[in-house]
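To start, the structure itself, in C-alpha cells.
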Amino acid sequence: MGPSRDSLPLLVPAVVALAALMRLSDGKLELKVSQPSVEVMFHENGLLQCEIAELTGSTLSANNLGVLWAFTSDTGNSKPFVYMHGVINEQWKEAELSESSILSGNMSLLLKSVTFKHTGQYRCDVFISPNYKASKTIKLEVLARPTVTVVSEKIVEVGTGGEMALGCQLSGYYPCDSNAEWLQSTPSQGETKLLTDICIAPPVKNPDGTCNVTTEVRLEPHVEDIGSTFQCRVTHKTFSEPYLVTAFVTLKEAEIRLATGSIVGSIIASIIISVAVIATGIFLYMRLYYKVAPEVSDIQIPARIVHLEPAEIICHVSGFRPDVILVSWYLKTCKDSGKEFIGDWQKDNMVRIPFVTDRKIEISERIETGRGWKVKPGISQKNGDGSFSISSILEIYPDINEHNKAEITCEVSHPASSEVISKSICLQVEGVAPKLAKIIGPHIVHHNNSVVLTCPIHFFKPRPLRITWYKEMNGKKESLLKLSESKDHFYSNKYSHVANEFSFSDHSHSVYSMLFFNPTIKEDDQSEYFCEVEHISLRNPAKEQIKLQVKAFPSVNAISCEPVNPVIEEKLTLSCKVHSFYPETIIIQWLKDNKVIEGAETSEVILNLENKLYELTSSCTIIPTLLERQSKYKCQVDHQSLLYPRFAEYTPENLVSFPILSEIVCNPAIPEPGKELTLTCDISNFYPEDIQIDWFRDEMKVNDNPKYGNIVEIPSDENGLYKKVTQVTLTPSTDDHQAEYKIEVCHTKSSTKPLKQCFQLFFKGSPKFSEFKLEPENPLYGKPLSVYHSVCGLLHEKITVEWYKASEHVKDGVKISGPVVTHENTYKIDSCLNFLVTAEDFERELIFQFKDNTKSEVFKRRIQLPLKAVVPKVTEIKCDPPHPKKGGNATLTCKIEHFCPVDIHVVWSKGWTEYKNKQIVETPKIDAKGLYSTITKLPIVVGAGSEEYTCEIRHTKTNDIVEKTFILQI
Ligand SMILES: *[C@@H]1O[C@H](CO)[C@@H](O)[C@H](O)[C@H]1NC(C)=O
Ligand SMILES: *[C@@H]1O[C@H](CO)[C@@H](O)[C@H](O)[C@H]1NC(C)=O
C-alpha cells in the first residue's frame, strides 16, 4: 500500500475505487546507496549515490516520477534538487542531475566543487505515483587537508642562554580538529623526545570556513643538543598517518661578542613596563567599577517564518558594562491572556580577565521548552571601549495554527538599569503553498471506458487543503466534487475519488487527487476538467486543467455477400457494416489481397439517434473468377480512435458454378423394341465437383432397377469447371413404349432445386396409349370403381383389347367402345373396367392388354390401385360357457375384423405359456366392407383360481399389434 493512504482521511471519499489501487500496489520500489556517509575534499566534486535497485509493478516515465533531494545541516534546510513529472522545479547551481539519468533510474546527485556549507545530511526521496515511495539518507562531510609550514631560524647558536622558537603553521584545513606536536631527535643520544613547552593559539577561522592554527615551541638549546633535528608531527582527519615536516634549523656553538645591546634594551623595557602598569590600572577601573546600562535594539527576525521550520530570532544587547546580563524570552499567543516564559540566558562572570578581545565565549547552558523552542547560547563580544555586547538567539519552531500573530518579547536585565528593558515583535507565520503539476490523464479517452485523472499537488503545509473538481463544456461550468476537511461532497454519482498522500520530513505534504469516471461523448467530448486547490497560503485558488476528447471505436461487422453463394464470373456485392463510432470522420477502404480496390461504393454516414454514434454500410462489387477463390477481400476501417485500422475479411471460397444440362439424346434416334439403345445427357460447367445424378423411368429410380437400364458416368473437367456425361443403356420391350426417362441433377452447392430433363421412348408406328383414369379417383374398399383406358393412333381395326387382374383374365364389368375413326383418319378404342374394390385388389396389378392382330407384339399397360393397408379391429375375448366350472372345458373366442392385406399372426398365451398348437385361426374372408375378417378360438380346460389369457394379433403389413386379455374367474 502507499505509504500514507490512510493519513488523510478527510480526502478519502465515500466511494473508493479500491480495486484500482490494489492492482497498482502489487510491486515494490527499493533504492541503493553505496555508503551511508561520504567524505569529499574541499573544492572537489562529490557524488551522492542514489539508484533504483529494484522496481516491480511500475515503470519509470516522466509522467509518474518524482525525485526530491532534501538537505539538512546545522544552519538550515533546503532542497538541492526537485523533479516532478518531467519538470525540474528546484536545483542548486552546483548540483548536477539530468532528466535522462533520472528516467534511467539513476538519481545520483553530483555536487561540484563542494564547500563546507555542503556538509550535512542528504535525503533522496523517490516516488512513483501514485503508490510508491522510497528514501535513502547520505551524510556528506567536506574535508580540507592542512597546508603545513614550519617556521624557524636557519642557524641557532647554543650556549649563549638564548631561546629558539619553532612554529608549525597549519592553514586552510577542515574539520578544525587537529593536533601538531614538536619532536626532537638527537642522534648522539639516540632518542626522540616530545617537546612539551608548547604554546597553541586557538584555531582561527578563514572566511571559507577552514581553520589556521599555529603550534609554537620555545626552547633553550644546550651544547648536547647540537646535531638534533626538529619535526612537527601533524594529525588530522585527512591524513591516514601522522604527517611529519622537518624544520631547517642547524644548532651550532656560539662565538664570543660584546653585549652593549642588552643594556640599552633593559632600560627601554623598564619604561615600557611602567607605562603598562598605569594603563592596566585605568583599564581595570573601567572594566570593574564603571557601570553602563545596555542598549537593546529591535528584535531581528528572518524575512519569512515558515510553518514547522526552525527560525532564529535575535535580540541584540550592546554597550553594557559590567559583563553581567540576563536576557529572557516570552511568548504571548492570541489565545493566551498572559505571556509565557520561554527561556533565558544569563552571564555573570565578573572575574575573568580575557587575554584577547573579540573572543567568542560559548555558553553551554541550554534552556528548552516543550515545543522544541530553545534559547541558543549567545555570542558575547567585548568591544574596544571595554563595554560588552551580546546577541541572544531564540530558535523557534512555529506552528501556523498556534503562533501566527503571536507576540515574542525579549527582556533584558542589567545591574546598571533599575528597570527591565523589553522589546516585542509580532510573528507572521506562513505556510507553504501547494504546487500543482499538470493533470495526469489521457487526452484521448474512449467512450464509456473507465478513466483516471490524477492531479498531483505537492509540498504544501500545513494541512488542510480544499480540492474542487469541476468541468467546463460549451462554456458551462459544472461542479463535480468538493473535498475538504469536514466533508466530501459529490455532485454526481458518475464520479468517484481516491486521494493518496505522502508526508515529508520537513512536514510538507503531497496529495494525488484521483478522479475516476466513465466519460461519454455526450457529456465529456471537448470538455475541460479542472482540479482547483485552495490553501491557507494561496490568495487565489491554484488550478490545473486537462481537455478531453472522447472517441468511440468503430465496430466492424462481418462482410455479407449477395448472392450468398457467389457465382463464378458473375457480379458479387460485398457489404460491410461499420457502426458505433465517433466522431463522424472515417476512412473505409476495400482491399483485395492488400491492394486497394478503386471505385468501391460507400454509403453515407448516418447518426444513430439511439446511442448518438455514427454508422455506415460500405459495399463493393466484384466479379470473382475461379482463380480468385483464395483471394482475401478486406473492408478496412481507419478512425482517429484507433491505433491500427480494423477490418473484416472475406474469401470467396464458396464460389459456385451452376451445372448446364443438355437435352437427352437417344441412339438410335428412333428406338425399336428388342434393339439396344443409349440415352445420353451432358452435364457441364459446374463447380465444385460434388454432384448427384439420378435417372428415373416413370418415377422409378433406374439406379435401383437394372432391368430399366445400365448407367455409366464419364467425368471430365475444363478450365477448372467440371463436366459429366451420363448414359443409360437398355434393350427396350413393348413395355417400354411411351416410358418416360428422366434425369435429375442435384448440385447442392449451387442450388437446392434439382435440374431435370425428360425423354419419352416411343416406338415408331406404335399406337398411343392414354393414362389410366380412375373413377372415383381414390378407390375405397367395398365401393364400385371404374378404370378407363384408351388407345389411339391405330392404323386399322384388327385389334384385341383385354383386362387382367394380375394373371386373372377379367371379363365381367368390361365395356369396350370402338374402334372408331378419328378425324386424323386413324382409329381409337376406349375401354372401361367396372368392379367392386375389395382387399384382394391391394397391391394387385391391373393390366390393360392390347394386341394388333396383324403383328405378334403385345402391349401391356399396368396400374396398381392406390389402396391403403387397413389394421384389424379386434373384439374383447369371450368365454363359452361364460361361467365354466373348475376342471370343465371352455372355449375363448376373439373376432378379428376389417383388415387388409390378409396376413396376420395370432398367438394365444397364458402367463408365459403359448398355445400355438391348440389355437384355431379361421381363414379370413372378405366381409361386407370389402375387407378381411376372421375368428380365432382357444379351447381350454379350466384350472383352479383365476387365470389370465392373452391373445396377441400382429398385422404383418402395418406391423400393428393388438393384445387382448381375459381373466377367467371361478
Ligand atoms: C549514476 O550517475 C552518476 C553521475 O552522473 C555516475 O557517476 C554513475 O556512474 C551513474 N551510475 C550508474 C550505475 O550508471
Ligand atoms: C591562514 O593562513 C593563510 C596561509 O598562511 C593566510 O593566507 C590566511 O590569511 C590565514 N588566515 C587567517 C584568518 O589568519
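The values are calculated or read from the model by the stated rules, or taken from the named source; none is laboratory data. These numbers come from a predicted model, not from an experiment. Glycine gets a Cβ as well: all are built from the backbone with ideal geometry, and neighbour counts include every protein chain shown.
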Inspect all residues belonging to the range 273-294 and state whether any of them is touching an Asp or Glu at 6+ places or on another chain (Cβ under 6 Å), crowded, with 17+ Cβ neighbours inside 10 Å and either assigned by TED's automatic domain parsing to the domain that holds E411 or at pLDDT 85 or above (or both). no
Being touching a helix residue (DSSP H, G or I) at 6+ places or on another chain (Cβ under 6 Å) and more than 16 Å from ligand 1 (Cβ to nearest atom) narrows it down to one residue among G162, G190, G209, G227; which is it? G209
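Which one is nearest to ligand 1 (Cβ to nearest atom), of the residues in the range 193-206 that are under 20 Å from L166 (Cβ atoms) and assigned to a loop (DSSP other than H, G, I, E, B)?
Going through the qualifying residues, I end up with P203.
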Pairs please, first residue from the range 474-498 and free of Cβ contacts under 8 Å to residues at least 60 places away in the same chain, second anywhere and outside any strand (DSSP E or B), Cβ atoms under 6 Å, 6+ apart in sequence or on different chains. S479/Y491; L480/Y491; L480/Y495
Pairs where the first residue, in the range 86-109, is within 17 Å of F127 (Cβ to Cβ) and touching a residue at least 60 places away in the same chain (Cβ under 8 Å) and the second is away from ligand 1 (no atom under 12 Å from the Cβ) and among the hydroxyl-bearing types (S, T, Y), C-beta under 8 Å, 6+ apart: N89/Y83; L109/Y122
The range 82-130: number of residues that are touching a strand residue (DSSP E or B) at 6+ places or on another chain (Cβ under 7 Å), among the small types (G, A, S) and within 14 Å of ligand 1 (Cβ to nearest atom): 3
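Residues checked against (1) charged (D, E, K, R); (2) surrounded by 15 or more Cβ atoms within 10 Å (Cβ to Cβ):
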| residue | (1), (2) |
| --- | --- |
| V656 | no, yes |
| E663 | yes, no |
| E676 | yes, no |
| I683 | no, yes |
| E689 | yes, no |
| R697 | yes, yes |
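With the requirement that a residue be free of Cβ contacts under 8 Å to residues at least 60 places away in the same chain and either within 16 Å of ligand 2 (Cβ to nearest atom) or not polar (S, T, N, Q) (or both), what does the range 110-130 give you?
Taking the range 110-130 as the starting set, the residues that turn out to be free of Cβ contacts under 8 Å to residues at least 60 places away in the same chain are 119-121.
Selection gives G120 alone.
Considering only residues that are in contact with a helix residue (DSSP H, G or I) (Cβ under 8 Å, 6 or more places away or on another chain) and free of Cβ contacts under 8 Å to residues at least 60 places away in the same chain, look in the range 165-187 and name the one that is farthest from L143 (Cα to Cα). Don't jump to the end; show me each part of the working.
Our first condition is that a residue be in contact with a helix residue (DSSP H, G or I) (Cβ under 8 Å, 6 or more places away or on another chain); within the range 165-187, this holds for 174, 184, 186.
If we keep only those that are free of Cβ contacts under 8 Å to residues at least 60 places away in the same chain as well, we get 184, 186.
On the way: Q184: 30, T186: 35 Å.
Step by step, filter the range 165-187, then rank; the result is T186.
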Taking the range 138-153, which residues are within 60 Å of the chain's Cα centre (by Cα) and either in a loop (DSSP other than H, G, I, E, B) or more than 16 Å from ligand 2 (Cβ to nearest atom) (or both)? I138, K139, L140, E141, V142, L143, R145
Output for Cβ contacts, cut-off 6 Å, separation at least six or different chains, first residue farther than 12 Å from V791 by Cα in the range 811-829, second of a type in the set (A, V, I, L, M, F, W, C) and at pLDDT 85 or above, reads G813/L833; G813/F835; V814/W803; V814/L833; K815/C832
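Residues in the range 146-154: is at least one among the acidic types (D, E), closer than 30 Å to H222 by Cβ and touching a Ser or Thr at 6+ places or on another chain (Cβ under 8 Å)? Spell out the reasoning first.
Narrowing the range 146-154 to residues among the acidic types (D, E): 153.
Narrowing the set further to residues that are closer than 30 Å to H222 by Cβ leaves 153.
Checking the rest, the ones that are also touching a Ser or Thr at 6+ places or on another chain (Cβ under 8 Å) come to none.
Within the range 146-154, none of the residues are among the acidic types (D, E), closer than 30 Å to H222 by Cβ and touching a Ser or Thr at 6+ places or on another chain (Cβ under 8 Å).
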Name the residues in the range 43-75 that are acidic (D, E) and closer than 20 Å to Y132 by Cα, would you? E51, E54
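So that you can scan it fast, the table gives a plain yes or no per residue for (1) out of contact with any Pro (no Cβ under 9 Å at 6 or more places or on another chain); (2) modelled with pLDDT of 90 or more; (3) among the polar types (S, T, N, Q):
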site: T75; (1), (2), (3): yes, no, yes
site: K79; (1), (2), (3): yes, yes, no
site: V87; (1), (2), (3): yes, no, no
site: E90; (1), (2), (3): no, no, no
site: E94; (1), (2), (3): no, yes, no
site: S101; (1), (2), (3): yes, yes, yes
site: S108; (1), (2), (3): yes, yes, yes
site: L111; (1), (2), (3): no, yes, no
site: V114; (1), (2), (3): yes, yes, no
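This table checks each residue for (1) away from ligand 2 (no atom under 16 Å from the Cβ); (2) modelled with pLDDT of 90 or more; (3) surrounded by fewer than 13 Cβ atoms within 10 Å (Cβ to Cβ).
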| residue | (1), (2), (3) |
| --- | --- |
| I155 | yes, no, yes |
| S171 | no, yes, no |
| K193 | yes, no, yes |
| P202 | no, no, yes |
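Based on what the data block shows, is E90 within 19 Å of L55 (Cβ to Cβ) and away from ligand 2 (no atom under 16 Å from the Cβ)?
Numbers: within 19 Å of L55 (Cβ to Cβ): no; away from ligand 2 (no atom under 16 Å from the Cβ): yes.
No, not satisfied.
Can you tell me how many residues within the range 189-213 are touching a residue at least 12 places away in the same chain (Cβ under 8 Å) and more than 18 Å from E224 (Cα to Cα)?
Of the residues in the range 189-213, the ones touching a residue at least 12 places away in the same chain (Cβ under 8 Å) are 189, 194-195, 197-201, 203, 205-206, 208-213.
Subset that is more than 18 Å from E224 (Cα to Cα): 197-201, 203, 205-206, 208-213.
Of the residues in the range 189-213, 14 are touching a residue at least 12 places away in the same chain (Cβ under 8 Å) and more than 18 Å from E224 (Cα to Cα).
For the range 207-238: of the residues being part of a loop (DSSP other than H, G, I, E, B) and acidic (D, E), which is farthest from ligand 2 (Cβ to nearest atom)? Spell out the reasoning first.
Going residue by residue through the range 207-238, those that are part of a loop (DSSP other than H, G, I, E, B) are 207-210, 220-222, 226-228, 236-238.
With the extra rule that they be acidic (D, E), the set shrinks to 208, 220.
Working: D208: 10, E220: 28 Å.
Going through the qualifying residues, I end up with E220.
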